[in-house]
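Here is the structure we will look at.
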Amino acid sequence: MNPSPTRVLVLFATGFEEIETITIVDVLRRADLEVVTASPGGGLITGSHAIAVESERRFAELSARDFAAVVLPGGMQNARTLSTDREAQRLIREARDLDRVVGAICAAPIALKTANVIRGARITSHPGVASELAGERYGEERVVRDGKLITSRGPGTALEFALALVAELCGPEHAAAVAAPMVLLPRA
């Protein structure tokens, strides 16, 4: 049973964390979701470990209104850009204002804080940026869901994070169906 088509926007810039970005896009597409990748200027973007990925669109061309979710992978340089890029900040705020799913992993929750969209929400992040999120309701679980806001810790939690996005967008049964053929390790 396939869910109705849903569009997800993944925002990234130079210095993105490759494991997180590729895992998010891959898992969402396995779930039959339409994924659009975007960066500040479009084109080929180099990650934090020198792997280049093609961005399909530019931030300025897009509106969160056209997407069910806006997702931010980590990588410190990427997170800093998403925190300072006017168009990225607009898309994040727009998504929250429209009650869309917003996800951020690793260092990317700092861009959510800059956008002023996490006040009062429970979040997590990579331990290396936890101090930048002081004053927020911070948890150390691998994935934290607070309504339609989903955050996660880092590369090692990318599969769980992506599946949490699928569960929110398509239901837990669909997420389980997507996870099964990936032969994930059973929980201890």
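The values are calculated or read from the model by the stated rules, or taken from the named source; none is laboratory data. Values in this document were obtained by computation on a predicted structure and should not be read as measured data. We place every Cβ from the backbone using ideal geometry, glycine too, and count neighbours over all the protein chains shown.
Among the residues of region 7-46, the ones that are under 27 Å from GLY171 (Cβ atoms), among the β-branched types (Val, Ile, Thr), in contact with a strand residue (DSSP E or B) (Cβ under 8 Å, 6 or more places away or on another chain) and surrounded by fewer than 24 Cβ atoms within 10 Å (Cβ to Cβ) come to 5 in all. Of all residues in region 146-172, exactly one satisfies the criterion of being in contact with a helix residue (DSSP H, G or I) (Cβ under 9 Å, 6 or more places away or on another chain) and of a type in the set (Asp, Glu), namely GLU168.
Name every residue in region 82-137 that is on the phi > 0 side of the Ramachandran plot and modelled with pLDDT under 95, in order of residue number. Of everything in region 82-137, those that are on the phi > 0 side of the Ramachandran plot and modelled with pLDDT under 95 turn out to be GLY120, GLY135. Filtering ALA104, ALA175 for residues that are of a type in the set (Gly, Ala, Ser), within 25 Å of ARG30 (Cβ to Cβ) and assigned to a helix (DSSP H, G or I) leaves a single hit, ALA175.
Here ARG90 meets each of (1) out of contact with any strand residue (DSSP E or B) (no Cβ under 7 Å at 6 or more places or on another chain); (2) under 28 Å from GLU141 (Cβ atoms) with one exception, condition (2). Go through region 72-109 and report how many residues are touching a helix residue (DSSP H, G or I) at 6+ places or on another chain (Cβ under 6 Å), among the β-branched types (Val, Ile, Thr) and surrounded by fewer than 24 Cβ atoms within 10 Å (Cβ to Cβ). Qualifying residue count for the region: 1. Report yes if VAL143 is out of contact with any Pro (no Cβ under 7 Å at 6 or more places or on another chain), buried (at least 16 other Cβ atoms within 10 Å of the Cβ), of a type in the set (A, V, I, L, M, F, W, C) and within 15 Å of CYS106 (Cα to Cα), otherwise no. Here the answer is yes, as VAL143 does meet what is asked.
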